[in-house]
Amino acid sequence: MELTAEIAALRSGTGDPQRLVGEFRRAVLLVPLAGGSTDADSGLISAVSSGIRWFYAFTDEEALARFAEARGEASREWPYLAILGARLVDAVVPEAGGPAGVAVNVADADGSMMFPPVAGIVPDAYAVDVEAESPEVA
C-alpha cells in the first residue's frame with residue numbers, strides 16, 4: 001500500500017501505525033526548497049509551531065500544487081528536493097538544531113499526516129519522548 005492509502009486507512013480508524021511509518025520511510029517525498037531557487041543551499045521550507053520545526057513534504061506534485069494554491073503562491077515556480085522519508089528523518093531532522101518532524105500533504109484536510117519527533121519516527125537521540133542518557137560518574 002502506498003503512503004496516501006496508509007494515511008487514509010489510519011485516519012479512518014482501520015490503519016496500522018507501524019505500517020504507516022514504514023510506508024512513510026519508503027516513500028519518495030517532495031520537499032519544497034526555500035527562497036524559490038534551485039540552489040539546494042537555500043534550505044527546505046518549514047514552519048515552527050510550539051517549539052517544533054515541521055518540514056513540509058508532499059507525496060506528489062499535485063499535493064505540492066494544492067499547498068502552493070493554499071498559500072496564494074501558485075503562480076510561482078516551486079523547486080523541490082525528492083527524498084526518501086527515511087533520509088528526511090534520519091539525516092535532515094538531526095540537522096534542524098532542535099525538535100523537528102515532518103508534515104505530509106498539509107494542504108489536504110482529509111489526507112494530511114504529521115510525523116512528530118518521537119521514538120520510532122526520528123532517531124532516538126532527536127526524539128522528544130526519549131530521555132537523554134546521563135553520563136556515568138565514576
**Study point:** MRE, 222 nm, helices only [DSSP H, n ≥ 4, -39500 (n - 2.57), over the chain, to nearest 500]
**Key:** -6500 deg cm²/dmol
Review point. Given H placed on each backbone N at 1.01 Å, which residues far from V106 in sequence or on other chains put an amide H within less than 5 Å of it?
Key: A57
Point to revise | Signed unit charges on C-beta, dipole axis of the chain, positive-most listed residue V122, I7, P17 | key: I7
Exercise for review: Using a 10 Å Cβ count of at most 13 others and DSSP loop calls, identify the longest part of the chain lacking such GluC sites (Glu not before Pro).
Suggested key: 3-72
Check your understanding: Whole-Å semi-axes of the chain's equivalent ellipsoid, largest first, each the root of 5 times a Cα gyration tensor eigenvalue?
Key -> 26, 20, 12
**Study point:** Chain lengthening between R11 and A86 when straightened (0.36 nm per residue, less Cα-Cα)
**Key:** 24.8 nm
Revision key, fill the gap. Under the 7 Å Cα-to-Cβ spin-label approximation, S49 and V130 lie apart by a distance in nanometres of 2.4 nm
Revision key, fill the gap. So for segment 67-122, using the alpha carbon gyration tensor with a ≥ b ≥ c as root eigenvalues (a/c under 1.5 gives rounded; past that, a/b versus b/c decides prolate or oblate), I'd call it prolate
Practice item. Return one number: the angle in degrees, 0 to 90 and rounded to the nearest 10, between the long axis of the Cα atoms of helix 61-70 and the longest principal axis of the Cα atoms of the chain. Key: 80 degrees
Study note, to complete from the structure: If the chain between V28 and M114 were fully extended at 0.36 nm per residue, the gain over the current Cα-Cα distance would be 29.4 nm
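Readers should treat all values here as calculations from the given coordinates under stated rules, not as data from a laboratory. Predicted model only: the values in this text are computed from it and were never measured. Cβ atoms come from the backbone with ideal geometry, glycine included; neighbour counts cover every protein chain shown.
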